[in-house]
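*Asks:* After the structure tokens below, expect a handful of questions from me.
The values are calculated or read from the model by the stated rules, or taken from the named source; none is laboratory data. None of the values given here were measured: they were computed from a predicted structure. Because the Cβ atoms are built from the backbone with ideal geometry, glycine has one as well, and the counts that use them run over all protein chains shown.
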């Protein structure tokens with residue numbers, strides 16, 4: 001399963017992409033995280049449904065450096081050549 005995720009919130013202080021990467025590595029998820037601007041971040045997550053949902057649940061809680069207000073998910077085609085989770 002692969003999903004495109006658009007998150008809105010406060011991402012101006014950074015760190016959110018690295019949190020997403022750490023969670024992806026922990027859950028064996030491939031894909032990427034990209035900061036679009038100070039209030040929008042995009043993710044593409046590929047893995048089993050339980051792991052993807054667990055990542056999003058943990059990520060959505062935020063921390064001292066970022067906060068998430070909304071998360072929109074869309075199923076997309078898997079990328080068979082992708083080997084890891086990257087930050088863009």
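*Asks:* I'd like to check something: does the stretch 11-29 contain any residue that is closer than 20 Å to residue 66 by Cα, part of a strand (DSSP E or B) and at pLDDT 95 or above?
*Replies:* No, the conditions are met nowhere in the stretch 11-29.
*Asks:* Residues that are out of contact with any strand residue (DSSP E or B) (no Cβ under 6 Å at 6 or more places or on another chain), exposed (fewer than 12 other Cβ atoms within 10 Å of the Cβ), part of a strand (DSSP E or B) and at negative phi: does the stretch 46-69 have at least one?
*Replies:* no
*Asks:* OK, next. Take the conditions without any contact (Cβ under 8 Å) to a residue 24 or more places away in the chain and in contact with a strand residue (DSSP E or B) (Cβ under 8 Å, 6 or more places away or on another chain) and apply them to residue 83. Does it pass?
*Replies:* On the way: without any contact (Cβ under 8 Å) to a residue 24 or more places away in the chain: no; in contact with a strand residue (DSSP E or B) (Cβ under 8 Å, 6 or more places away or on another chain): yes.
No.
*Asks:* Right, another one. Counting only residues that are farther than 15 Å from residue 8 by Cα and over 8 Å from the mean Cα position of the chain (by Cα), how many does the stretch 40-57 have?
*Replies:* Residues in the stretch 40-57 being farther than 15 Å from residue 8 by Cα and over 8 Å from the mean Cα position of the chain (by Cα): 9 in total.
*Asks:* Let me ask you something else. Which of the residues that make up the stretch 1-15 are out of contact with any helix residue (DSSP H, G or I) (no Cβ under 9 Å at 6 or more places or on another chain) and at positive phi?
*Replies:* Those that are out of contact with any helix residue (DSSP H, G or I) (no Cβ under 9 Å at 6 or more places or on another chain) and at positive phi: 14, 15.
*Asks:* Within the stretch 1-29, which residues are surrounded by 18 or more Cβ atoms within 10 Å (Cβ to Cβ) and under 20 Å from residue 75 (Cβ atoms)? Explain how you work it out, then say what you get.
*Replies:* Let us first name the residues in the stretch 1-29 that are surrounded by 18 or more Cβ atoms within 10 Å (Cβ to Cβ), namely 2-3, 5, 7, 9, 11, 16-17, 19-21, 23-24, 27, 29.
Answer for the stretch 1-29, where residues must be surrounded by 18 or more Cβ atoms within 10 Å (Cβ to Cβ) and under 20 Å from residue 75 (Cβ atoms): 2, 3, 5, 7, 20, 23, 24, 27, 29.
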